[in-house]
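Written below as structure tokens is the structure these notes are about.
The values are calculated or read from the model by the stated rules, or taken from the named source; none is laboratory data. Bear in mind the structure is a predicted one, so any value in this text is a computation, not a measurement. Here the Cβ is made from the backbone with ideal geometry for all residues, glycine too, and neighbour counts use every protein chain on show.
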Amino acid sequence: MIHGYEKPLFIQPFDHRESFQTKLFGWKGGLTAEQTAEIIAAKFVIYDGFQAAVAGGVPKEHAGILVDEQFGAAVLCDAARKGYITACPVEKSGQKEFDFEYGENFARHIEAFNPTFSKVLVRYNPEGDAEMNRRQCARLKRLSDYLHSSNRLFLFELLVPAEPAQLEQFGGDKGAYDRELRPTLTVRTLHELQDAGIEPDVWKVEGMDRREDCASIVAAVRRDGRDRVGCIVLGRGEDERKVRQWLTAAAGVPGFIGFAVGRTTFWEPLVNWRANKISRQEAVAEIARHYREWVDIFVREYRE
């Protein structure tokens, strides 16, 4: 059974684990208790920025966080207690191929935190490794069936990275691939995943430069009676200009209900805070300002 989710959804994602540890902190391998505590503290800076934005006027009923159990368990519990929308990742971090973070125990972890959404990040190119795509589909179908049988919401983050031969078509220009080929590949991917029995309530997709491409994405996710399924735009660590462009393009297309913009919101404030260039309070304010800006852009253009 397909449920769907149609209400506006403004997510602050900070479920980054491997990239947080290695790129923001520069730590490889196992973490000490002190290092783990530092990462948890940084996640609380992001969470406080999110809360400041809600206190400043972002509608609470549409505001959500996406954070991991490993470093964000306390944040998830606090957010649930305060009535925010919560999402928690199910996938292992930093892998090309989707697999469960907690293996056969994935359901137990979902039930323990009971987030509003269970989220997966999946890299899938329909012209990529066919065997890997098959393996991913089998795991994802299992998750999809479990979530819907237990009446839980499924958030699917889809990346369609270029295959080397595809990038060669555009002389190695990733921007050209994004504009000219990724939209049609994304539609093909959505169809393949749906045909494999994978039924998210919300698709979190890479931004499109053109509104007509956003409309084709909505047509794909809503085909064959999936009328209530929503789409949100992810940020992919792009610069602010590109994020504004993606949000503006998507918000005017019925079926796009919001966004989940992570690193573009928090990365620079956290880097500057850790380097003692700004105070914690300033980092919180800067994160709140970015998140509020994305909300304002989306609401201004939004079409139901």
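Structural remarks
- Out of K60, K119, sole residue that is in contact with a Leu (Cβ under 9 Å, 6 or more places away or on another chain) and charged (D, E, K, R): K119
- Pairs where the first residue, in segment 278-297, is closer than 27 Å to I257 by Cβ and the second is of a type in the set (F, W, Y) and surrounded by 23 or more Cβ atoms within 10 Å (Cβ to Cβ), C-beta under 7 Å, 6+ apart: I287/F266; Y291/F50; W294/F259; V295/F10
- Selection of segment 147-157 for residues being in contact (Cβ under 8 Å) with a residue 40 or more places away in the chain and either assigned to a helix (DSSP H, G or I) or among the aliphatic types (A, V, I, L, M) (or both) yields H148, L153, L155.
- Scoring W267 on the criteria (1) under 20 Å from V67 (Cβ atoms); (2) in contact with a strand residue (DSSP E or B) (Cβ under 6 Å, 6 or more places away or on another chain) leaves a single failure, condition (2).
- Meets criteria (more than 19 Å from the chain's Cα centre (by Cα) and within 29 Å of L31 (Cα to Cα)) for Y102: yes
- Test: A87 is more than 19 Å from V205 (Cβ to Cβ) and hydrophobic (A, V, I, L, M, F, W, C): no
To keep it simple, each residue is scored yes or no on (1) closer than 25 Å to Q35 by Cβ; (2) surrounded by fewer than 20 Cβ atoms within 10 Å (Cβ to Cβ); (3) in contact with a Gly (Cβ under 6 Å, 6 or more places away or on another chain).
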residue: A53; (1), (2), (3): no, no, no
residue: G56; (1), (2), (3): no, yes, no
residue: D78; (1), (2), (3): yes, yes, no
residue: Q95; (1), (2), (3): yes, yes, no
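- Of the residues making up segment 187-207, just one is more than 17 Å from the chain's Cα centre (by Cα) and among the basic types (K, R), namely R188.
- So E127, is it more than 25 Å from I65 (Cα to Cα), touching a helix residue (DSSP H, G or I) at 6+ places or on another chain (Cβ under 9 Å) and among the charged types (D, E, K, R): yes
- Pairs, first on the phi > 0 side of the Ramachandran plot in segment 158-184, second among the charged types (D, E, K, R) and modelled with pLDDT of 95 or more, C-beta under 8 Å, six or more apart: none
- Scanning segment 164-187 for residues that are part of a loop (DSSP other than H, G, I, E, B) and either surrounded by fewer than 17 Cβ atoms within 10 Å (Cβ to Cβ) or among the aromatic types (F, W, Y) (or both) yields Q169, F170, G171, G172, D173.
- Residues being among the aliphatic types (A, V, I, L, M) and either modelled with pLDDT of 95 or more or touching a His at 6+ places or on another chain (Cβ under 6 Å) (or both) - total across segment 2-23: 2
- Residue satisfying condition, being of a type in the set (A, V, I, L, M) and either closer than 19 Å to C231 by Cα or in contact with a His (Cβ under 7 Å, 6 or more places away or on another chain) (or both), within set L167, L185: L185
- For segment 188-223, residues that are crowded, with 18+ Cβ neighbours inside 10 Å, more than 17 Å from I257 (Cα to Cα) and small (G, A, S) total 0.
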